[in-house]
Amino acid sequence: MLSSLVLCQPHAFFFCRVSVIQRASGKWRGAAERLLFPERNFSSCSYSETRRFFNVRAQNNEEENALSVAASVDTGAPTIFDKIIKKEIPSTVVYEDDKVLAFRDISPQAPVHIVLIPKIRDGLTQLSKADERHKDILGHLMYTTGVIAKQEGIEEGYRVVINNGPTACQSVYHLHLHILGGRQLKWPPG
Ligand code: AMP
């Protein structure tokens, strides 16, 4: 117990330092970075290089997390979304018609984050599996994003995302569109 505490200390210290920097704002942030990471010699780095150091770290963590959930491959097996469609597990449904279902993402990446799916998967485990016969449902999904955006009051600006395959960190193999909004979104995305 004591040995693991001792071993964890450098990591805990590192995360404390990063956390302090993340909480600091404006000029204090630069000062905190120089004070807490003197070994990085930020004074010889440009502001953007310093920023990149922290952004890359954050991005690496994000990618690691995303890749760990995206480790699953497209086996065509039923997914959690089947259970949501059958109402076997709870979800917060925001829109439903005979073809599609939209519900709030369980791990929202923006104040408004909705997942829109076709009720019948019909081979559409991912977008790249789309066939001629899917044109209608794909059109309906795209059209419905606008209906939902209006309903959510984000029609002024929102983003529609489809993660396709492991490289794009898709984690659920039932085609779905993410509708994100309610805050200023950044570009390029990660
Ligand atoms: P992707 O990573 O593009 O495959 O997106 C799958 C999304 O489904 C992720 O954003 C998850 O947070 C979301 N998700 C997974 N399970 C649930 C659930 N039970 N209810 C709502 N959203 C979910």
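The values are calculated or read from the model by the stated rules, or taken from the named source; none is laboratory data. Since the model is a prediction, treat every value here as computed from it, not as a measurement. Neighbour counts are summed over all protein chains in view; Cβ atoms, including those assigned to glycine, are modelled from backbone coordinates with ideal geometry. What goes into the accessible areas is simple: the full protein's heavy atoms, side chains included, and nothing from ligands, DNA or RNA. Shrake-Rupley method; radii C 1.70, N 1.55, O 1.52, S 1.80 Å.
Numbers at a glance
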{"item": "Of all residues making up the range 139-152, the number that are surrounded by fewer than 17 Cβ atoms within 10 Å (Cβ to Cβ) and of a type outside the set (Ser, Thr, Tyr)", "result": "7"}
{"item": "The lone exception for Leu124 - which of (1) surrounded by fewer than 19 Cβ atoms within 10 Å (Cβ to Cβ); (2) out of contact with any Phe, Trp or Tyr (no Cβ under 9 Å at 6 or more places or on another chain) it fails", "result": "(1)"}
{"item": "Flag for Ile179 being closer than 16 Å to Pro108 by Cβ and in contact (Cβ under 8 Å) with a residue 60 or more places away in the chain", "result": "yes"}
{"item": "Subset of the range 159-190 [touching an Asp or Glu at 6+ places or on another chain (Cβ under 8 Å) and aromatic (Phe, Trp, Tyr)]", "result": "Tyr173"}
{"item": "Hits in the range 88-111 - residues which are open to solvent by less than 40 Å² (accessible area, probe 1.4 Å) and out of contact with any Leu (no Cβ under 7 Å at 6 or more places or on another chain)", "result": "Val94, Asp97, Leu101, Phe103, Asp105"}
{"item": "Scan of the range 117-152 for residues that are under 17 Å from Pro78 (Cα atoms) and of a type outside the set (Gly, Ala, Ser), ordered by number", "result": "Ile117, Pro118, Lys119, Ile120, Arg121, Asp122, Leu124, Thr125, Gln126, Leu127, Lys129"}
{"item": "Test: residue in the range 153-167 that is farther than 24 Å from Gly76 by Cβ and open to solvent by less than 50 Å² (accessible area, probe 1.4 Å)", "result": "yes"}
